[in-house]
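Chemist: Before anything else, here's the structure in question.
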Amino acid sequence: MMKGMVDEYVVNRTLDARGLFCPMPIVKLKKAVKEMADGEVIKVLATDPGSKRDVEAWCRKTGNSLLEASEADGVFTYIIRKGG
Amino acid sequence: MAIIVHSGTMDKLYPAFMLASSASALDVETHLFFTFWGLSALKKGGLEAAKLPGLMRIGTGMMKGRIREAGVPTLSEMLAMCKESGDVKIYACSTTMELMKIREEDLIPEVDEIVGATAFMAIALDADIQLFI
């Protein structure tokens, strides 16, 4: 395995959850991921500060992979791959 | 997860539905047992009529306005979301129905079953999380 190499991915789908609060971003994320195939990647935009821990917990508990989490100008961006 | 919903006021119904919808997003099966004043929420129009408790009830309209502004779903929308997930089951307490003179046809169609406390206990015993709200 190559250390420090950033996971390469293609975003298949985007979910705009900006302006929504718990539990809506996660409920919408769940719904979107359900319609995706294993290995597909979704990009989630959110403004709820609680989404950081919520998205992490959701990925951990549902067996999906959080590839990236970042924040810029109050907008959180998450890159999630369906499955491990 | 098993939750006893004992109150029909907005301040109690919201947390119950928020936890249930969050749980369903985690594929956690959730069972909501509506009993005593909680059952009024399951009457037709009950969720729409739910108010803040006690003296705070006069602030209900303002609270609903805040909820709308924040983009938080209404209680009816929360229930619809829970049911859509397929992981949330709604139970009406049979004793309360008798006590409050509520008939089966008075209840909203989202109710899965009318059960007694023992049936709910059997469910709660198998749940990892049990709450009383």
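Chemist: If the chain between residue B:99 and residue B:69 were fully stretched, how many nm would it gain, using 0.36 nm times the residue separation less the Cα-Cα distance?
Modeler: Residue separation times 0.36 nm, minus the Cα-Cα distance, leaves 7.0 nm.
Chemist: So if we plug the beta-carbon distance of residue A:16 and residue B:131 into 1/(1 + (r/R0)^6) with R0 = 25 Å, what FRET efficiency do we get, rounded to 0.05?
Modeler: Efficiency, from the Cβ-Cβ distance: 0.20.
Chemist: Same structure, new question: Going down the table (A:52/A:82; A:34/B:43; A:34/B:44; A:43/B:12; A:34/B:51), which pairs top 27 Å between alpha carbons?
Modeler: Listed pairs above 27 Å: A:34/B:43; A:34/B:44; A:43/B:12; A:34/B:51.
Chemist: Rounded to the nearest 500 deg cm²/dmol, what is the calculated helix-only ellipticity per residue at 222 nm for chain A, with -39500 (n - 2.57) per DSSP H run of length n ≥ 4?
Modeler: Result for chain A, helices only: -8500 deg cm²/dmol.
Chemist: Report ³J(HN,Hα) in whole Hz for each residue of the range B:31-43, in order, from the Karplus equation J = 6.51 cos²θ - 1.76 cosθ + 1.60 where θ = phi - 60°; Gly and Pro get x.
Modeler: Rounded to whole hertz, the list is 10, 10, 9, 8, 9, 6, 5, x, 5, 4, 5, 8, 6.
Chemist: Something else about it: Compare the Cα positions of B:39, B:61, B:90 along the charge dipole of chain B (+1 at Cβ of Lys, Arg; -1 at Cβ of Asp, Glu; about the Cα centre) and return the one farthest towards the positive end.
Modeler: It is B:61, whose Cα lies furthest towards the positive end.
Chemist: Here's something else I'd like to know. Which values, in whole Å and largest first, are the semi-axes of the equivalent ellipsoid of the protein assembly as shown obtained as the square root of 5 times each eigenvalue of the Cα gyration tensor?
Modeler: They are 36, 20, 13 Å, listed from largest to smallest.
Chemist: Further question on the same structure: Using helices alone, I'd like the mean residue ellipticity at 222 nm for chain B: each DSSP H run of four-plus residues gives -39500 (n - 2.57), total over residue count, nearest 500. Please report the intermediate quantities before stating the final value.
Modeler: Values: 6 runs with 56 residues, N = 133.
After summing the helix terms and dividing by residue count, I get -12000 deg cm²/dmol.
Chemist: Would you please give the FRET efficiency between residue B:80 and residue A:8, computed as 1/(1 + (r/R0)^6) with r the Cβ-Cβ distance and R0 = 35 Å, to the nearest 0.05?
Modeler: Values: r = 39 Å, r/R0 = 1.12.
According to the calculation, E is roughly 0.35.
Chemist: State, to one decimal in nm, how far the label point of residue A:70 lies from the label point of residue B:48, with both points 7 Å from Cα in the Cβ direction.
Modeler: Those two pseudo-labels are separated by 4.6 nm.
Chemist: Stokes-Einstein D for chain A at 25 °C, 0.890 mPa s, Kirkwood Rh over Cα pairs, in µm²/s?
Modeler: The diffusion coefficient I find is 191 µm²/s.
Chemist: To continue, here is another question. Per residue of A:13-26, how many C-beta atoms from partner chains lie within 10 Å of its own C-beta, taken as a mean?
Modeler: Average neighbour count from other chains, rounded to a whole number: 3.
Chemist: Further, regarding this structure: For the range B:47-128, state which trypsin sites (Lys or Arg not before Pro) are in a DSSP loop and have at most 16 other beta carbons lying within 10 Å of their beta carbon.
Modeler: B:101, B:103
Chemist: Taking amide hydrogens as modeled 1.01 Å from N in the peptide plane, which residues meet the under 5 Å criterion relative to residue B:114, leaving out close sequence neighbours?
Modeler: Amide H to amide H, under 5 Å and 5 or more residues apart or across chains, residue B:114 pairs with B:92.
Computed from the coordinates by the stated procedures, all read-outs in this text should not be read as laboratory data. Quantities reported herein were computed from a predicted structural model and do not represent experimental measurements. No Cβ is skipped: glycine too gets one built from the backbone with ideal geometry, and neighbour counts run over all protein chains shown.
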